[in-house]
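These notes concern the structure reproduced below.
Each reported figure results from applying straightforward, stated rules to the coordinates on display, with no laboratory input. Since we're looking at a predicted model, the values are computed, not measured. So basically every Cβ, Gly included, is an ideal-geometry build from the backbone, and we count neighbours across all protein chains shown.
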Amino acid sequence: MDDPRGWATQAVSGMAGSGAMRLMGQCSLFRLRAVAHCAGIALVLAAAPVGAQQFEPLSGAEITAALDDVTLVYDGGAVQTFYASGRTLYDAGQESWGSWRVQGDQYCSEWPPNAGWDCYDMDSDGTVLRFISDRGHITVGRVQAE
């Protein structure tokens, strides 16, 4: 136990259920500095539910790669196809054509008859794509299986 970081890595990777309590017990063996480090890890892990999704922000290039010629299915059953040409088709029982583009690190869309572009931050956990408005509203889409 001479290397608290090596032990902490093992403890974090194997932690589940009462793991936070085991971590605190193990931490008491280290010097004060190591205890503080381990206690911080225990607090973070205790606050995060087991199996919680880890979403990462997408860059502009990642947004383009995630959406080019892809169809997403949204909660409620609506589908949207993003064409590489910049056109997009949204269907929630009635088809609606719009345009999309990436501007900086944001997805932007325009839907007639509105003339303005609305832009959204995007993130993903590797399975789900989330569109996040400037007001914090989140729309969740999943890639439709081919």
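Run the dipole for region 56-143 about the Cα centre, Lys and Arg Cβ at +1, Asp and Glu Cβ at -1, nothing else charged, and hand back the magnitude in debye, nearest 20.
That gives a dipole near 180 debye.
So for the pair Trp111, Asp68, with labels modelled 7 Å out along Cα→Cβ, what separation do we get in nm?
For the pair Trp111/Asp68, the computed spacing is 2.6 nm.
Please report Glu110, Glu95 as a ranked list, fewest other C-beta atoms within 10 angstrom at the top and most at the bottom.
Going from sparsest to densest Cβ surroundings: Glu95, Glu110.
Using only Cα atoms, figure out Rg for region 56-143 and give it as a multiple of 2.2 N^0.38 Å.
Working it through for region 56-143, the quotient is 1.00.
Can you figure out the FRET efficiency of Glu146 with Glu56, using R₀ = 35 Å and their beta-carbon distance, to the nearest 0.05?
0.90
Any chance you could run the full-extension gain for Glu95 through His137? It's 0.36 nm times the residue separation minus the Cα-Cα distance, nm to one decimal.
Stretched fully, the Glu95-His137 segment lengthens by 12.8 nm.
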